[in-house]
Amino acid sequence: MTISQKLFADCYDLLNQLVEWRIFSYRQNTAGQAAGLVLEIGFGTGSNLKYYPDSVEITALEPNPYMFKKILDRASKSNKDVTVIQGYGENIPFKDEAFDTVVVTLVLCMVSDVEKVVSEITRVLKPGGKFYFYEHVSSKSYVGMRFQSFLNPLWSFITTGCNLTRDIERIIKGAGFDEVKSRKFTIRFGTPISLPNVVGVATKIKNM
Ligand SMILES: C[S@@+](CC[C@H](N)C(=O)[O-])C[C@H]1O[C@@H](n2cnc3c(N)ncnc32)[C@H](O)[C@@H]1O
């Protein structure tokens, strides 16, 4: 447990409120589509919780123990069935083919090894299972990429490890899913600075 983990957990909801009005529809496109046994990796304080259908059974995987109280408070006020497990997406503590759905929102920018996390997701998904993702990603334009690279060290320090420069869509598309449907778009917050994003769903091959 580190001071930066505590600070991040304490400030997350406050910071999130600044952007939530702009991103909630992507929570509907991801958590809102989940079915059956669901694993959410990097659960944070549980911002996706209210978007899950009541019928699902949620396992929340989260490395930061300072998030747990907030998750449990939120879960107790909802109708949702949530089990919280401490752990990392790079080493998911569940057997193969354990989940119908995996949900990841705004997490692959922070993990140490995106490829390993995506490979773990394919491992724990049942054949035909769905991986819903929503992430901010690297810019396609040269100027945008240069700006992100310039800003990244400071951004990463302030946010305790978030990266602006990851081509997450390419990594998911290269991970051997049967089908990946994704949409890239840019979010503007009324400033000249814009944030490229991707939202989508990947389906695991039925007979691997
Ligand atoms: C920006 S927050 C997003 C929280 C939430 N998913 C949301 O959409 O609001 C990123 C979360 O990922 C978690 N995280 C960081 N590294 C991780 C890893 N390697 N595996 C799983 N979760 C991780 C952080 O502790 C944090 O809770």
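None of the figures in this text is laboratory data; all of them are computed from the coordinates on show. Source: prediction; values computed, not measured. Methodologically, a virtual Cβ is constructed for each residue, glycine included, from the backbone with ideal geometry; neighbour enumeration extends over all protein chains shown.
A few points about this structure:
- Choice from Ile158, Ile41, Ile58 with maximal GNM fluctuation in the chain (Cα, 10 Å cutoff): Ile158
- Mean separation of Cα contacts under 8 Å (6+ apart) over length of the chain, as relative contact order %: 19
- Unsatisfied cross-links (Cα-Cα over 24 Å) in the set Lys95/Lys130; Lys140/Lys173; Lys50/Lys173; Lys95/Lys204; Lys95/Lys181; Lys184/Lys204: Lys50/Lys173; Lys95/Lys181
- Within the same chain, aspartates and glutamates fewer than 8 places from Lys69 are excluded, and of the rest, those with a Cα less than 18 Å from its Cα are Asp10, Asp13, Glu40, Asp81.
- At R0 = 35 Å, FRET efficiency that the Cβ-Cβ distance of Thr186 and Arg123 yields, to 0.05: 0.60
- Whole-Å distance, taken between Cα centres, linking segment 145-208 and segment 105-131: 13
- All Cα-Cα separations within segment 3-203 were binned at 5 Å from zero, giving a P(r) of 1, 7, 16, 21, 22, 17, 10, 4, 1, 0, each value a whole percent of the pairs.
- You can think of it this way: the chain between Asp96 and Leu151 has 15.9 nm of extra reach, that is 0.36 nm per residue less the Cα-Cα gap.
- Label point of Thr159 set 7 angstrom out along Cα-Cβ; within segment 94-132, amide nitrogens under 14 Å from it belong to 105-112.
- In a fully extended conformation the segment linking Tyr142 and Lys77 would gain 18.8 nm over its present Cα-Cα distance, using 0.36 nm per residue.
- Gln17 versus Asp54: modelled label distance in nm, points set 7 Å from Cα along the beta carbon direction: 2.9
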